[in-house]
Amino acid sequence: AWMGFGTGLLADCFLATPFGLSALTYGLVGWAVGSLAGRLLRPGWWVLPATVLAACTGGVLLFAGLGALLGEDGLVTGRLLGVAAGVGVLNASLGPAAFAATRWAVGSGRREAPLLEGSR
């Protein structure tokens, strides 16, 4: 949640939306994903892509919805669901590779079940 909030503040520096909107959205999505991840006992190979798909799609919809509540015009349009689904599918397809690259860069030798169960 804190990483999402900080990343959102950085994104807000470059967007023409109300300052803090991205921070709020990313923080809420990070909190929701963190709360869900703590409740999973035995995640399967599909959990990581499904979580990324739901979080990214929900995050785009939440960003547009909160922006509309704050008076931003043009965020909630007829294309919103298509954009949200496209962002979710693209990120879900790249999520496992990004997770593996991050794990490699950090140097964690721990083997994670969601990435390895599908390749056995």
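The values are calculated or read from the model by the stated rules, or taken from the named source; none is laboratory data. For clarity, every value in this text was computed on a predicted model and none was experimentally measured. As a convention, Cβ positions derive from the backbone with ideal geometry for all residues, glycine included, and neighbour counts pool all protein chains shown. SASA here: full protein model, heavy atoms, side chains in, ligands and nucleic acids out. Shrake-Rupley method; radii C 1.70, N 1.55, O 1.52, S 1.80 Å.
Considering only residues that are among the hydroxyl-bearing types (Ser, Thr, Tyr) and modelled with pLDDT under 90, which ones fall in segment 18-40? The answer is Ser35, and nothing else.
Of the residues making up segment 1-40, those that are in a helix (DSSP H, G or I), surrounded by 15 or more Cβ atoms within 10 Å (Cβ to Cβ) and hydroxyl-bearing (Ser, Thr, Tyr) are Thr7, Ser22, Thr25, Tyr26. Taking (1) of a type outside the set (D, E, K, R); (2) open to solvent by 60 Å² or more (accessible area, probe 1.4 Å); (3) out of contact with any Leu (no Cβ under 8 Å at 6 or more places or on another chain) in turn, Ala98 satisfies each apart from (2).
The residues of segment 69-85 that are of a type in the set (A, V, I, L, M) and farther than 18 Å from Cys56 by Cα, listed by number, are Leu69, Leu70. Answer yes or no as to whether Ala98 is small (Gly, Ala, Ser) and under 22 Å from Trp31 (Cβ atoms). Yes.
Within segment 41-64, not a single residue is loosely packed, with under 12 Cβ neighbours inside 10 Å and modelled with pLDDT of 90 or more. One residue alone among Gly71, Gly78, Gly95, Gly82 is under 20 Å from Gly4 (Cβ atoms) and either without any contact (Cβ under 8 Å) to a residue 24 or more places away in the chain or in a helix (DSSP H, G or I) (or both), and that residue is Gly95.
Scanning segment 1-43 for residues that are in contact (Cβ under 8 Å) with a residue 12 or more places away in the chain and out of contact with any helix residue (DSSP H, G or I) (no Cβ under 8 Å at 6 or more places or on another chain) yields one hit, Gly34.
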